[in-house]
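So the structure is just underneath, and the comments pick up after that.
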Amino acid sequence: MTRQPHERADSPPPLVTPASADLLAQAGFDARSDLGQHFLRSKEAALRLLESAELPYQGQVLEVGAGLGTLSGTVAEAGCRIWAVEKDRRLGEILQGALRRFGPLARVSISDVREVDLHEGLDVGAVLLAIMPFDWELSAALTRHVFAATPKVERGLVVVPSRTLDQYQAAGEKAGGLRLREVDGISRSEFWPKAPEALRVVSIERHR
Ligand SMILES: C[S@@+](CC[C@H](N)C(=O)[O-])C[C@H]1O[C@@H](n2cnc3c(N)ncnc32)[C@H](O)[C@@H]1O
């Protein structure tokens with residue numbers, strides 16, 4: 001298989017499991033800007049996102065770009081089923097290691113979310129919860145993709161660059177039938193590497 005210019009070798013980085021964003025930084029991990037990689041540094045921030053998401057107990061959550069599993073583990077601890085999808089194969093072992101203890105509550109797919117069968121894998125009423133790549137075009141494309149791929153995802157809560165929200169709101173009715181609303185903020189310093197621009201915590205609903 002020919003490797004794309006941005007693809008790196010798949011050898012795992014020198015990390016311990018479970019890993020944290022700060023350990024990743026200390027290990028000299030090469031965060032990929034083409035994937036908008038910025039990792040959540042604290043569990044407190046994950047808990048705050050969980051609170052904003054108002055997840056139904058034992059509901060199903062799709063997380064796009066699960067990274068190290070910091071948010072995914074918090075979701076599973078709250079009693080929800082999590083499907084953690086992450087494109088970067090270098091993070092596969094770490095993510096699987098972080099979620100192994102949850103057994104059947106947690107499913108991991110190491111793949112581009114646009115290449116997994118979301119309709120088949122999700123239940124009606126699934127919620128999208130994601131810290132989307134910090135690249136406004138990519139985060140907008142992935143958000144659009146999830147809601148277009150299956151009607152089973154009824155709503156979501158995402159962290160996105162503020163420009164993603166601005167562009168959606170500017171698109172109005174053309175925004176793929178979705179209504180986005182800012183519900184909270186999150187500091188750029190909650191991430192390693194620090195987010196390059198302001199972030200928004202946004203709830204998403206379908207237009208009825
Ligand atoms: C802002 S980071 C958030 C990581 C993680 N949620 C955390 O906070 O530690 C975005 C994540 O999305 C992943 N990603 C980028 N494009 C993706 C795609 N098409 N499908 C699945 N994951 C993707 C990146 O590799 C990265 O781990």
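Just so it is clear, none of the values below were taken in a lab; they were calculated from the coordinates. Just so we're clear, the structure is a prediction, and the values are computed from it rather than from any experiment. For neighbour counting, all protein chains shown are included, and Cβ atoms are generated from backbone atoms with ideal geometry for every residue, glycine included.
Could you name the aspartates and glutamates whose alpha carbon sits less than 18 Å from that of K43, not counting residues in the same chain fewer than 8 places away?
In chain and number order, the partners are D22, E51, E54, E63, E77, D184, E190.
Label-point separation (nm) for E51 and D117, each offset 7 Å from Cα along Cα-to-Cβ?
4.0 nm
Could you work out the relative contact order of the range 39-158? I mean the mean sequence separation of Cα pairs under 8 Å and 6+ apart, divided by the number of residues, in percent.
Over the range 39-158, the number comes to 26 percent.
Please get the size of the charge dipole for the range 146-208, origin at its Cα centre, with Cβ charges of +1 on Lys and Arg and -1 on Asp and Glu, quoted in debye to the nearest 20.
Dipole of the range 146-208, to the nearest 20 debye: 160 debye.
In whole angstrom, how long is each semi-axis of the equivalent ellipsoid of the range 39-158, when you take the square root of 5 times every eigenvalue of its Cα gyration tensor and sort them from largest down?
18, 16, 15
Counting other Cβ atoms within 10 Å, keep those with at most 13, restrict to DSSP loop, and tell me which GluC sites (Glu not before Pro) in the range 116-198 are left.
Of the GluC sites (Glu not before Pro), the ones in loops of the range 116-198 whose Cβ has at most 13 other Cβ atoms within 10 Å are E197.
Quick one: divide the alpha-carbon radius of gyration of the range 108-208 by 2.2 N^0.38 Å and tell me what you get.
With N residues counted in the range 108-208, Rg over 2.2 N^0.38 Å equals 1.06.
For S189 and H145, calculate 0.36 nm times their separation in residues minus their Cα-Cα distance, and state this gained length in nm to one decimal.
Working it through step by step, the gained length comes to 13.0 nm.
Taking the Cα centre of the chain as the origin and placing charges on Cβ (Lys, Arg +1; Asp, Glu -1), which of A126, G97, V202 is farthest toward the positive end of the dipole?
The residue sitting most towards the positive pole is A126.
Towards the positive end of the charge dipole of the chain, with charges on Cβ (+1 Lys, Arg; -1 Asp, Glu), say which of P161, S111, T143 has the farthest Cα.
T143
Could you tell me the extents of the chain's C-alpha atoms along the three principal axes, largest first, rounded to whole Å?
48, 39, 35
Could you tell me which of rounded, prolate or oblate describes the range 26-109, using a ≥ b ≥ c as the square roots of the eigenvalues of the alpha-carbon gyration tensor, with rounded for a/c under 1.5 and, failing that, prolate when a/b is larger than b/c and oblate otherwise?
In terms of gyration-tensor shape, prolate.
Give, rounded to the nearest 20 debye, the magnitude of the charge dipole that the chain has about its Cα centre when Lys and Arg contribute +1 at Cβ and Asp and Glu contribute -1 at Cβ.
100 debye
Please determine, in degrees from 0 to 90 and to the nearest 10, the orientation of helix 136-149 with respect to the longest principal axis defined by the Cα atoms of the chain, where the helix direction is its Cα long axis.
The answer is roughly 70 degrees.
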